[in-house]
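The values are calculated or read from the model by the stated rules, or taken from the named source; none is laboratory data. Predicted model, so just to flag it, every value in this text is computed and none were measured. Cβ atoms come from the backbone with ideal geometry, glycine included; neighbour counts cover every protein chain shown. Each accessible area value is taken on the protein alone, full model and side chains, heavy atoms only, with ligands, DNA and RNA left out. Shrake-Rupley method; radii C 1.70, N 1.55, O 1.52, S 1.80 Å.
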Amino acid sequence: MSKMIFPIITDFDRKLPYFFAGVGCDYEQEKIERPSGHAHYQWIQTRSGEGVLHLRGREYLLKEGSGMFLFPREPHSYHGTRGDWHVDWIIFEG
């Protein structure tokens, strides 16, 4: 069962060395295209299935157990390649 949490970020939170802006577990990942990137750092971990990441003109296969770290505002896209692609993810700042 997919669960996502997006906390309310306060001025106090922004003063911390890092803070979470969102968390997702067992998320069925849809196709994503971000020509301007995402506002936060991202870690996306493949739980099951397979996906592919397009980053800096290269393609990376993401098999079960593998993950990807993306910097803020870094153009990228990703999508599943076989059946359902389930991931766990966090987005954070700091």
request  = Rank these residues by their accessible area, most exposed first, probe 1.4 Å: T46, T10.
outcome  = T10, T46
ask   = Ignoring ligands and nucleic acids, what accessible area does Y41 show with a 1.4 Å probe (Å², nearest 10)?
value = 60 Å²
note = Calc'd 3J(HN,Hα), region 51-61, phi into Karplus 6.51 cos²θ - 1.76 cosθ + 1.60 (θ = phi - 60°), Hz, glycine/Pro = x, comes to x, 9, 10, 10, 8, 6, x, 10, 10, 10, 7
key: Table column - 3J(HN,Hα) (Hz), region 65-70, Karplus curve with 6.51, -1.76, 1.60, x for Gly and Pro   = x, 9, x, 9, 10, 10
ask   = In the chain, carbon and sulfur make up what percent of the accessible area (probe 1.4 Å)?
value = 56 percent
key: Average Cα contact separation per residue, the chain, under 8 Å, 6 or more apart, as relative contact order %   = 39 percent
inquiry  = Give the lysines reachable from K3 as a straight Cα distance under 21 Å; neighbours fewer than 8 places away on the same chain don't count.
reply    = K31
request  = Over the chain, give the accessible area per residue in Å² for a 1.4 Å probe, as an integer.
outcome  = 65 Å²
Over the chain: helical MRE at 222 nm, DSSP H runs n ≥ 4 each giving -39500 (n - 2.57), nearest 500 = -500 deg cm²/dmol
message = Keeping all protein chains in the complex and leaving out DNA, RNA and ligands, what accessible area do you get for L61 with a 1.4 Å probe, in Å² to the nearest 10?
response = 100 Å²
task = Beyond 20 Å, what share of the Cα-Cα pairs of the chain is found? Please give it as a whole percent.
result = 37 percent
note = Expected vector for region 15-29, Karplus 3J(HN,Hα) from phi with 6.51, -1.76, 1.60 and θ = phi - 60°, integer Hz, x for Gly and Pro, equals 8, 6, x, 7, 8, 7, 9, x, 9, x, 10, 6, 8, 7, 6
inquiry  = Just to confirm a number: summing +1 for Lys and Arg and -1 for Asp and Glu over residues other than P7 whose beta-carbon lies under 13 angstrom from that of P7, what do you get?
reply    = -1
ask   = Tally Lys and Arg at +1 and Asp and Glu at -1 over the other residues with C-beta under 14 Å from the C-beta of Y27: what net charge comes out?
value = -2
request  = Give the long-range amide H neighbours of W85: residues separated by 5 or more places, or on another chain, with amide H under 5 Å away, using H modelled in the peptide plane at 1.01 Å from N.
outcome  = Q29
